[in-house]
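Shown next, in structure tokens, is the structure this report addresses.
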Amino acid sequence: MRSGKLYWPNTLLKSLARPARQAPQRSPSTRNMQRSLLRLAACAGLFASLCFPSALRSQAASAASFVMVIHGGAGTILRSSMTPEMEKAYIDTLTIALRTGYQILSRGGTSLDAVEAAIRVMEDCPLFNAGKGAVFTANGVNELDASIMDGKTLNAGAVAAVEHVRNPISLARLVMEKSPHVMMVGSGAEEFAKTQGVKLVPPYYFWTDRRWRAYEREKAREDSGKTGAAPDVDKKFGTVGAVALDRAGNLAAGTSTGGTDMKRYGRVGDSPIIGAGTYANNLSCAVSGTGDGEFFIRNNVAADICARVRYSGVSLQQAADDVVMKELVAQNGGGGVIAMDRKGNIATPFNTPGMYRAWVTSDGTITVKIYGD
Ligand code: ASP
């Protein structure tokens, strides 16, 4: 599924120049931001009404209790640092992404297609640290990682440190389906992209004022030697992911990210590593993670949750809680996961203050959550 483009208004990019916390007085740029967000909301509403004319409830898949869960990253996400406009923009985008995947599933499409399509929506939105909204590395560039896995065949594809690929999740899928490999990185992955007809984008496609300002702040902090100071609240969140179960009973998972703020010299996180940030197996579950990638890699988080479900017979919730709320917490590893088992049970534990997350049940009911409560 590589069609269905969504374009985000340029005005939204400008609006994101302003930090989430706003002065009580309404300056002209605040009004601009509000207008931009209203436009985004209107765009979201129009898109939804065009694409989902009938009630989702009537299209619900019957086999599973839940068919799809998505996340937009875990981290220091607090009500106190969010404006109502930003909150609405996140909720609207998560809803569009979820509905895009749900629509595919409700028509009998595959979980792989649904996962890829939902992640593409979030990659194209500057709100998230993936695709368009990726954070900057210490060198002031954007390096993107993504992976996808098919729970039926255990086929998987991943790309890391790509700098010119608009939708890394789709390139990961091409690696899975059109190459004999599982993972390709950097310029090699981009060479492969060209052979597959993927149009590369210039680096400035990924430039957003909001992320650049965060980079400049962090760079100034590092240059002044105050690296022990409190990190930017934007740090380490915004990675996106999806897990889904289709009508045929097949699970899939995918994750896409710009990595961590100020990452260095070819650093690769957990998101493109099969088993760490992404895993799917029809015999157990599908998982996508977000958080401190190094801890997810060391603990093989996604695969470990699935192994616990498969071999020790614990529930999905128990397995996910044990890994995220016990193992990771004991090591000071921040983050969360979205997980779905083969019966459609879901778990969304996170040990950070918040995690953007949303899911749809078999009757078409959509739930979107952001904070810890
Ligand atoms: N897990 C990602 C990484 O370490 C970051 C994130 O989830 O926000 O690259």
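No value in this document is a laboratory result; all are computed from the given coordinates. The shown structure was predicted, so the numbers you read here are calculated from the model rather than taken from an experiment. Using ideal geometry, Cβ is built from the backbone for each residue, glycine included, and neighbour counts are taken over all protein chains shown.
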Mind putting together the pair-distance distribution for the stretch 67-371? All Cα pairs, 20 Å bins, whole percent per bin, short to long.
39, 57, 4
Once the in-chain neighbours fewer than 8 apart are removed, the aspartates and glutamates whose Cα is under 12 Å from K263 read E143, E218, D292, E294
Could you tell me the center-to-center distance, by alpha carbons, between the stretch 115-188 and the stretch 249-284 in angstrom?
9
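Starting from the stretch 84-147, pick out the trypsin sites (Lys or Arg not before Pro) whose DSSP state is loop and whose Cβ has at most 13 other Cβ atoms within 10 Å.
Numbers: sites: K88, R99, R107, R120, K132; in loops: R107.
Counting only loop positions with at most 13 other Cβ atoms within 10 Å, the trypsin sites (Lys or Arg not before Pro) in the stretch 84-147 are R107.
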What distance in nm separates the simple spin-label points at D209 and T153, each placed 7 Å from Cα in the Cβ direction?
4.5
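Only sites in a loop by DSSP and with at most 10 other Cβ atoms within 10 Å count here; which trypsin sites (Lys or Arg not before Pro) in the stretch 242-280 make the cut?
Here the sparse-neighbourhood loop sites are R264.
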